[in-house]
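The values are calculated or read from the model by the stated rules, or taken from the named source; none is laboratory data. Since the structure is predicted, the reported quantities are computational estimates derived from the model, not experimental observations. Positions of Cβ are backbone-derived with ideal geometry, glycine not excepted, and every protein chain shown enters the neighbour counts. Remember, those area values only see protein heavy atoms, side chains included, never the ligands or the DNA or RNA. Shrake-Rupley method; radii C 1.70, N 1.55, O 1.52, S 1.80 Å.
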Amino acid sequence: MLTVHGCSILGLIVLLSGPAMAQQGQGPEGISSAIASPATTEPPNTAVPMDKRLPGDHWTVEARDEISGAVSTVTNLVTEVTPTDVSVRVNTVLPDKTIGESLATFDLSWNPIRSGPWQYFPYDGNIGVQLPLALNKSWTYQFSAVNGTSGITWKWSGTSRVVAQETVRTKAGTFETFKIETSSSSSNFKDPTWTEELVAQTWYAPAIAHWVKRSWMLRDNGRLRTNLTIEIIEFGRKVVK
C-alpha cells in the first residue's frame with residue numbers, strides 16, 4: 001500500500017473524507033437531503049432531520065488526485081452510536097479498483113479517535129469545524145497521531161479561519177457554505193528533522209451539518225507530495241419502516 005511516511009494514502013483519504021463537525025462538544029445541526037437510491041434512503045429532495053447521528057447515516061465522496069488525475073471513491077456508513085462516540089465503516093475504492101474496508105471512530109463532535117492503526121490524542125478538539133461559524137472566526141488545534149502498529153508518532157499543530165461565504169455546486173446538490181482555510185505543520189517524533197506542512201480548504205454547509213468540498217495539499221520538507229480535491233456526491237439517512 002502506498003504510504004506517506006507511515007501514513008497510508010488510504011488512511012489519509014479516510015481521515016479527509018470523514019465528517020468535519022463541531023468541536024467544543026457541539027453536535028450536528030440542520031437537515032440533510034438524501035440523494036441516493038430510494039431503496040435505502042428517503043427520496044431525493046426529501047428533508048430528513050439530522051439533529052442526531054443514527055446507524056445507517058451515510059455519505060459518499062470522490063477524492064481526485066490533482067497530480068495524476070486518478071479518482072478514488074469513499075463511502076462512510078455509521079454502524080453504531082454510543083453516548084460517547086460514533087463508529088463508521090469506511091469502504092474505499094482506489095483507482096486500480098482495489099477495495100479497502102476499515103473502521104473509524106469519532107467522538108460526538110466528529111473529532112477522530114481512531115482510524116485503522118492510527119489513534120489521535122487528544123481527540124476532543126483535534127481537527128474539524130468549530131460551530132457556530134462566522135466570517136473571520138478562527139481557532140487553533142494541537143494533537144498527536146500515533147500508529148499503533150509501527151509506533152510512529154506525528155505531532156500536529158494548526159490554525160483554521162473562516163475566510164468567505166460561498167455557493168458550491170456538487171453532484172449531491174448546491175449548497176450555501178462557509179469557506180475555511182487551514183494551515184498546519186507536523187513533525188515525526190522519531191525524526192524531528194522530517195516535517196510535513198498542510199494547506200487545506202473546507203467548504204462547510206450548515207444546512208446538512210457537513211462539509212461538501214475539500215482541497216488538501218501536503219508537503220514533505222517543503223516538497224509537494226499530495227494534492228487532493230474531495231467532493232460529496234451522495235448522502236442520506238436509512239429509512240426506518
Express in nm, to one decimal, how much length is gained between SER187 and ASP65 on full extension, taking 0.36 nm for each residue of separation and deducting their alpha carbon distance.
41.5 nm
Calculate the spin-label point distance for THR82 paired with SER144, positioning each point 7 Å from the Cα along the beta-carbon direction, and give it in nanometres.
2.2 nm
Using a 1.4 Å probe, what is the accessible area per residue for the range 86-178, in Å²?
49 Å²
Solvent-accessible area, 1.4 Å probe, carbon plus sulfur percent, for the range 48-87
55 percent
In nm, give the distance between the simple-model label positions of ASP96 and PHE121, each being 7 Å from the Cα along the Cα-to-Cβ direction.
3.4 nm
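Could you tell me which of rounded, prolate or oblate describes the range 154-241, using a ≥ b ≥ c as the square roots of the eigenvalues of the alpha-carbon gyration tensor, with rounded for a/c under 1.5 and, failing that, prolate when a/b is larger than b/c and oblate otherwise? The partial results should precede the final answer.
Numbers: a/c = 2.58, a/b = 2.05, b/c = 1.26.
Cα axes put the range 154-241 in the prolate bin.
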Under the Karplus relation 6.51 cos²θ - 1.76 cosθ + 1.60, θ = phi - 60°, what is the ordered set of whole-Hz ³J(HN,Hα) values for the range 70-84, x standing for Gly and Pro?
5, 10, 10, 10, 10, 10, 10, 10, 5, 9, 7, 10, 10, x, 10
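Compactness ratio of the range 97-192: Cα Rg over 2.2 N^0.38 Å, N = residue count? It would help to have the intermediate numbers written out before the result.
Values: Rg = 16.0 Å, N = 96, 2.2 N^0.38 = 12.5 Å.
For the range 97-192, the normalised Cα radius of gyration is 1.29.
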